[in-house]
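First up is the structure itself, then whatever we jot down about it.
The values are calculated or read from the model by the stated rules, or taken from the named source; none is laboratory data. Bear in mind the structure is a predicted one, so any value in this text is a computation, not a measurement. In this analysis, Cβ positions are derived from the backbone assuming ideal geometry, glycine residues included, and neighbour counts consider all displayed protein chains.
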Amino acid sequence: MIKYTQRIAINIIFLFLATTPLVAENIFRLGDDLKSTRLSTWMQYYEDPQGNLNLSDVLTEPITMQFRNLSNETKSFGYSRSTFWLKMKVHNFTNHAISWLLEEEYPLIDFIDIYIMDSGGTTHYAGGDKYPFAKRQVESRSFVFPVESPPGDSDIFIRVNSTGSLVLNLSAWSPTEFYKKTNNEMMWLWIYYGIMIALIFYNVVIFFSFKDWAYLYLVGFIFGISMYSMNQNGLAFQHLWPESIAWAHYSNPFFIFFSGAFGLLFTRSFLNLKKILPFANKIFIVYLVCTLPLIIAVFFMDYFLITQVSVIYVLIIMTIFIATGFIAALKRRREAYFYMGSWIIFLLGALIYAARAFGLTTITTLTNWTYQIGSSLLVLLLSLGIAEKINIYRREREKAQKDLKESEEKYRILIENAHDGIMLIVDEKPIYANNKMIEMTGKNERDFYTTKLDDFFPDTPTGREMVMKQYNNRHSEKAASSQYEAQMFTADKKIIDVIISAALTSIKGQKASIAIITNISELKLAENTIRSQYDEIQNQCAALEELNTELSETHDELINATDKINQEKEHLSATLRSIGDAVISCDRDGMVILLNKVAESLTGWSQQEAVSMHISDVINLKDQRAKELFFSNIEFIREIGNLDTIGMPFAMISRDGTECIVEINCAPILLEHDVMAGMVLAIRDITEKSKLEKEIMRISKMESLSILAGGIAHDFNNLLTGIIGNISIAKTMSAESRELLELLDKSEQAGKRAVNLTRQLLTFSKGGEPIKHTVSIGDLIQDSVDFILAGSSISCTITIDSDIWPVEIDIDQISQVFSNMIINAMQAMTEGGIITISAGNIHSIPANLPIPDGQYVKITISDNGCGIPSENIGKIFDPYFTTKKSGSGLGLASSYSIIKRHGGYIDVKSQPGSGTSFSIYLTKSIGKIQQQADSDQEPEMHEGRILIMDDEDYILEVADKMFRHLGYSVVKSRDGSQAVRLYRENLERGARFDLVIIDLTIPGGMGGAQTIKELISIDPDVKAVVSSGYSDDKVMANYRNYGFKGILVKPYQLQDIDRMLKSVS
């Protein structure tokens, strides 16, 4: 069993090894069982761009190594000017020669050369459509070459070149199978062409039947695509022009353009584009004009280019046809459905053909026959469309015949039932008359038709003579009236008046007259009556015309009055829309008639809701006395109608509960004799104005007090300078007496408390301008809390943003604000509590705050104390307003003034019993944070010469002592002029002052600002310090801008002087 299994395995391996090299070496195994096969599997190809290689060149090793396998069963190289070489190795594994046929199925190749190399030598066949058909080795529409393969190996080389699309579809056939295949193909091809010929004759017959050029154009189109098809499959070259090589070359693109031209003509006519799609019709004409030069260009243009142009032409024209059919189908044209469907099918075939021509797809049985399939379905569907159109014509004709029959019946009924007599006359005898005509004559029908024309009319001027004259003139084509009055007989020979309307016609080629005769006897009788009444009517018309004139004038006046009313109404409406005040109109009973948009917004009631409401329900005044004033009764409303209440504020509550302050002015609507019809109320919202006025009053009060406070603070600071300065000197001299030193410390502390009070007073004066430094607000808040709450039972929670912005402030003044706020919070929480302080950045200011929008640092200080009563909330920033027994009333007032001078704002919110929250807004600074000096320390000793200028002797005296104590020699001056003179004299002697201390304000003399200018003009390098306890301008805050090197704020002590000296040294 094992040996048997091994033997099977060895046989399988041997069979695999025996067959694999044949495939790898691309060898075509030829045997007696050959029927048909594609040769691409065993083919290799090489592209020769120049086309100058021959067989011996191709057999050299460098070229042989460059051959590549064909990738598909059928290879399409598209449009190429290159020459292509193909080779294939054939192995006849029988012991005898085998005859077979080599076929290239594509019949439009210019040159194809076959080289068969075997043991007997080399056999060469030349073919292509550049040779007459008679020179082909096998009579076939495709290129067929007989091959005799001896036993063993042989090589086949194929050289192809073409200026058109190059498609290689090589097959090997046994002769029997080839002719069987050929017969089968020819059967289907002739069926196809039989269909085309039948459709040509079919449409020719229709053309001669209907004289519609669309069918003749379709004949041309069918002929063109049929001839193009015969070119494509080689039948045209085989049967129609086998010896005409040039025409065979040109006919392919020629019939493409030929078919396109007739397709354009057919579409224009078949779809009636001139009527239903005029724009598309113009496009078709342009494309048709472009097609004609292309037909001519076929015979002169390079074939390589014209064939590619023809393929692109087909794709474009197919797109145009389908788009046109689609648009026509949208217009409900039944024939367009057949048209669009046929071109879609044909376009698919054309796309596959174009893809094959450009080498974008492989060649298969489907791609080979796609043109015949698509074109036959195209023509078939178009023929069905034509048949449908014929059916439409037939149905329309049947409908027309039916309509004509119905029309004839209607006319017969109309004539038979006409109130006028109608008669048809031939050779002066009636041949037809309606019942009314026979009735008018009073004859029976037999007597009527035997009576001659002139016997119907009497011998009167408007009788027989005139009628016969008109009749004869009409038949002689002379001038004749188409309508005239005449007279005719009745049966009893009574003459009646008639109107004859006559016209010439033709019956079976014979002249005839048709006459319509109207009996107007009664009209004649009525005419006299009408004429008699006419004069009377004329008189009445004259009277009516006068009345009409008056009515017209009255009508014009009414129109003008209406126009004026409409204009006034429009003007009033536009005025009400444009004014900014609320306007409400009501009747004499106080019921609302009209509200403008502003009134709707202010009251909260819309026009529809407020109509028929009482005015007192719409305008809800908060104050009861105000309600009684305006709404007690309608008569009183009339009395106040002329009362000007502008400037008198009223509190009004809108529908949604919003309270606002308004001014109300009212006026009555009076008719004639001062009869009151209602009234109009104009309401102005002055809420913001009221707030602004209160703010202005507060600022005015602050500025008035600041003048007084500034004067007091200035004098007080000068006095404190003498007191505190002397105390600081005395402390240095009393180091050995502890009791005396304690007394001096207490005196100094009392002086410092006086300084704090002075600073609060300075806040209201113009001399309180802040001396700003860029700092971080967090440390200042912490220092203020630690200082104020030291030893207190009140706890404090502080939250500072980590990225808090710096601010530019006067440290002492802002510290004073924080201290005042914290102290107020402590005093509000008598039983203890928590103060909450937070600081953070805000990027936008709330809209209700009266400061510019921008980036601010917001500090909020809140307590949970007793809160502020609502009646006091508007007074807390007023100077000297306090509810505390020991309060000065300056804390919040000075804080308000400090924050205002810093460009900020203080906002307060309070709920009695729940606590108060103050929000401080300070502008963000873009500068860098400045480091502050260390705490007070013992003054150091200095040396040098100092010039001191001040108008107070006691200040000069104490300053002299303090500077001498620090090691300086001092020269004193009482005003600026003296100081300038002393500085100049000492400078000229070479005894220059090391420092000049200048008082800013000298009553009645040269002050600090003017003095520094003079000193700088003498010595640009002068070192001067400004000193003041009050400033009337901004010199203290911006001292460097005026030329000073430092400042010394009154009152000062030795430590202050020491820090100043260090800052300017």
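Table for the structure above
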| item | result |
| --- | --- |
| Flag if Ala198 is assigned to a helix (DSSP H, G or I), surrounded by fewer than 16 Cβ atoms within 10 Å (Cβ to Cβ) and either modelled with pLDDT of 85 or more or of a type outside the set (Asp, Glu) (or both) | yes |
| Meets criteria (crowded, with 21+ Cβ neighbours inside 10 Å, in the same structural domain as Ile63 (by TED's automatic domain parsing) and acidic (Asp, Glu)) for Asp155 | no |
| Residue in the range 217-226 that is touching a residue at least 60 places away in the same chain (Cβ under 8 Å), closer than 27 Å to Val144 by Cβ, in contact with an Asp or Glu (Cβ under 8 Å, 6 or more places away or on another chain) and crowded, with 22+ Cβ neighbours inside 10 Å present | no |
| Among (1) outside any helix (DSSP H, G or I); (2) touching a residue at least 24 places away in the same chain (Cβ under 8 Å); (3) not hydroxyl-bearing (Ser, Thr, Tyr) - the single one Glu1014 does not satisfy | (1) |
| Strands (runs of 3 or more DSSP E) (entirely within the range 75-179) containing at least 1 residues that are within 15 Å of Leu39 (Cβ to Cβ) | 75-79, 83-92, 98-104, 111-118, 143-149, 152-161, 165-168, 170-173 |
| Some residue of the range 258-267 being under 18 Å from Gly325 (Cβ atoms), touching a Phe, Trp or Tyr at 6+ places or on another chain (Cβ under 7 Å) and of a type in the set (Ser, Thr, Tyr) | yes |
| Residues within the range 426-440 that are polar (S, T, N, Q) and in contact with a strand residue (DSSP E or B) (Cβ under 7 Å, 6 or more places away or on another chain), tallied | 1 |
| Residue count for the range 118-137, restricted to those that are over 18 Å from Glu243 (Cβ atoms) and buried (at least 17 other Cβ atoms within 10 Å of the Cβ) | 2 |
| Any hit, the range 557-573, residues being part of a helix (DSSP H, G or I) and within 30 Å of Thr460 (Cβ to Cβ) | no |
| Candidates Ile823, Ile868 - the one that is closer than 24 Å to Thr882 by Cβ and crowded, with 19+ Cβ neighbours inside 10 Å | Ile868 |
| Any hit, the range 683-702, residues being modelled with pLDDT of 65 or more, farther than 20 Å from Pro1051 by Cα, in a strand (DSSP E or B) and out of contact with any helix residue (DSSP H, G or I) (no Cβ under 7 Å at 6 or more places or on another chain) | yes |
| Neighbours by Cβ (under 8 Å, 6+ apart or cross-chain): first from the range 610-624, over 17 Å from Cys666 (Cα atoms); second small (Gly, Ala, Ser) and surrounded by 13 or more Cβ atoms within 10 Å (Cβ to Cβ) | Lys622/Ala651; Asp623/Ala651 |
| Residues satisfying the stated conditions in the range 655-674, i.e. surrounded by fewer than 16 Cβ atoms within 10 Å (Cβ to Cβ) and either under 19 Å from Gly580 (Cα atoms) or of a type in the set (S, T, N, Q) (or both) | Thr658, Glu659, Ala667 |
| Some residue of the range 463-474 being part of a strand (DSSP E or B), of a type outside the set (A, V, I, L, M) and either modelled with pLDDT of 85 or more or buried (at least 18 other Cβ atoms within 10 Å of the Cβ) (or both) | no |
| Every residue from the range 506-524 that is in contact (Cβ under 8 Å) with a residue 12 or more places away in the chain and either over 18 Å from Gln483 (Cβ atoms) or assigned to a strand (DSSP E or B) (or both) | Ile507, Gln510, Lys511, Ala512, Ser513, Ile514, Ala515, Ile516, Ile517, Thr518, Asn519 |
| Selection status of Lys75, modelled with pLDDT of 90 or more and of a type in the set (Lys, Arg) | no |
| Qualifying residue in the range 838-849 (condition: among the β-branched types (Val, Ile, Thr), in contact with a helix residue (DSSP H, G or I) (Cβ under 7 Å, 6 or more places away or on another chain) and part of a strand (DSSP E or B)) | no |
| Breaking point among (1) over 16 Å from Ile948 (Cα atoms); (2) part of a loop (DSSP other than H, G, I, E, B), for Arg992 | (1) |
| Any hit, the range 1030-1039, residues being farther than 22 Å from Asp812 by Cα and in contact (Cβ under 8 Å) with a residue 40 or more places away in the chain | no |
| Any hit, the range 799-812, residues being assigned to a helix (DSSP H, G or I), within 56 Å of the chain's Cα centre (by Cα), closer than 23 Å to Lys772 by Cβ and at pLDDT below 85 | yes |
| Residue within the range 413-420 that is more than 30 Å from Ser342 (Cβ to Cβ) and modelled with pLDDT of 75 or more present | yes |
| Contacts under 9 angstrom Cβ, first residue in the range 306-327 being outside the structural domain of Gly263 (by TED's automatic domain parsing) and touching a residue at least 40 places away in the same chain (Cβ under 8 Å), partner in a helix (DSSP H, G or I) and of a type in the set (A, V, I, L, M), 6 or more apart | none |
| First in the range 1040-1065 and more than 16 Å from Thr732 (Cβ to Cβ) and assigned by TED's automatic domain parsing to the domain that holds Asp1021, second anywhere and at pLDDT below 80 and among the small types (Gly, Ala, Ser), Cβ under 6 Å, 6 or more apart | Lys1050/Gly1029; Arg1059/Ala933 |
| Tally, over the range 260-282, of residues that are in contact with a helix residue (DSSP H, G or I) (Cβ under 7 Å, 6 or more places away or on another chain) and over 20 Å from Asp212 (Cβ atoms) | 1 |
| Residue that is of a type outside the set (Lys, Arg) and farther than 30 Å from Ile306 by Cβ, where the choices are Ile158, Ile109, Ile114, Ile98 | Ile98 |
| Given (1) closer than 24 Å to Phe111 by Cβ; (2) not assigned by TED's automatic domain parsing to the domain that holds Leu271, index of the condition Pro175 fails | (1) |
| Failed criterion for Glu957 (all others in (1) on the phi < 0 side of the Ramachandran plot; (2) in contact with a strand residue (DSSP E or B) (Cβ under 8 Å, 6 or more places away or on another chain) hold) | (2) |
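Residues checked against (1) without any contact (Cβ under 8 Å) to a residue 40 or more places away in the chain; (2) aromatic (Phe, Trp, Tyr):
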residue	(1), (2)
Met829	yes, no
Tyr856	no, yes
Gly865	no, no
Leu890	no, no
